[in-house]
Structure formats: C-alpha cells, structure tokens
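The values are calculated or read from the model by the stated rules, or taken from the named source; none is laboratory data. These numbers were taken from a predicted model, which means no experiment stands behind them. Neighbour counts run over all protein chains shown; Cβ positions are idealised from the backbone, glycine included. Just so you know, the surface numbers come from the protein's heavy atoms only, side chains and all, with ligands and any DNA or RNA stripped out. Shrake-Rupley method; radii C 1.70, N 1.55, O 1.52, S 1.80 Å.
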Amino acid sequence: MVDIIFPESGESVRTGVIARLAKAEGDLVKRDETVIEIETDKITVEVAAPAAGRVAFNVKPGQTVEVGSVLGTVDPAAA
C-alpha cells in the first residue's frame with residue numbers, strides 16, 4: 001500500500017477541508033491522477049495518486065485535515 005498524503009502547500013498552510021473526493025472508494029487510478037481536492041484559506045490543493053492501483057480513503061468531504069495527514073491509500077497490486 002502507498003499512502004496518499006496531504007502535501008505541504010506553503011509556509012502558512014497547516015490545515016484544509018476535504019472539498020471533494022475525485023474518485024470513488026475502490027476505483028482504479030493512474031499515478032499522478034487527482035484523487036482528492038482540499039480547500040485551504042488560500043488555495044485549493046489537488047492531491048494526486050502517488051501510484052497506480054485501487055484507491056481507498058480515510059477521509060470524507062467536509063472533514064478538516066492537517067498537512068502531512070494520511071488521506072487514504074493506493075494498492076498497486078490491484079493495478
């Protein structure tokens with residue numbers, strides 16, 4: 001399993017709100033395909049899949065998350 005992490009987006013950005021899951025739980029995704037959108041007080045961050053495979057999420061829309069949080073996983077064995 002490969003973790004999907006909320007990346008650093010700037011010095012002052014520490015938290016964000018899950019705006020949208022771009023894929024459904026269990027969907028197959030390609031590496032670098034957008035899987036989650038996070039709104040911060042400054043920008044909207046598109047989080048990409050770190051690998052190709054089947055996606056699973058640990059978060060849901062409306063949830064507040066911190067930078068560095070694990071948002072879900074990608075199972076490359078399912079690619």
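What the table below lists for this structure:
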quantity: Residues (closer than 17 Å to E8 by Cα and surrounded by fewer than 17 Cβ atoms within 10 Å (Cβ to Cβ)) located in the stretch 20-47; calculated: D32, T34, E39, D41, K42, I43, T44, E46
quantity: Filter result (free of Cβ contacts under 8 Å to residues at least 24 places away in the same chain and in a loop (DSSP other than H, G, I, E, B)) within the stretch 25-71; calculated: K30, R31, D32, E33, N58
quantity: For G62: the one exception among (1) exposed (fewer than 14 other Cβ atoms within 10 Å of the Cβ); (2) under 10 Å from the mean Cα position of the chain (by Cα); calculated: (2)
quantity: Those residues of the stretch 38-55 which are under 13 Å from G72 (Cβ atoms) and in contact with an Asp or Glu (Cβ under 6 Å, 6 or more places away or on another chain), in sequence order; calculated: A48, A49, G53, R54, V55
quantity: Qualifying residue in the stretch 9-17 (condition: open to solvent by less than 60 Å² (accessible area, probe 1.4 Å), of a type in the set (S, T, Y) and in a loop (DSSP other than H, G, I, E, B)); calculated: yes
quantity: Breaking point among (1) over 9 Å from the mean Cα position of the chain (by Cα); (2) exposed (fewer than 15 other Cβ atoms within 10 Å of the Cβ), for V70; calculated: (1)
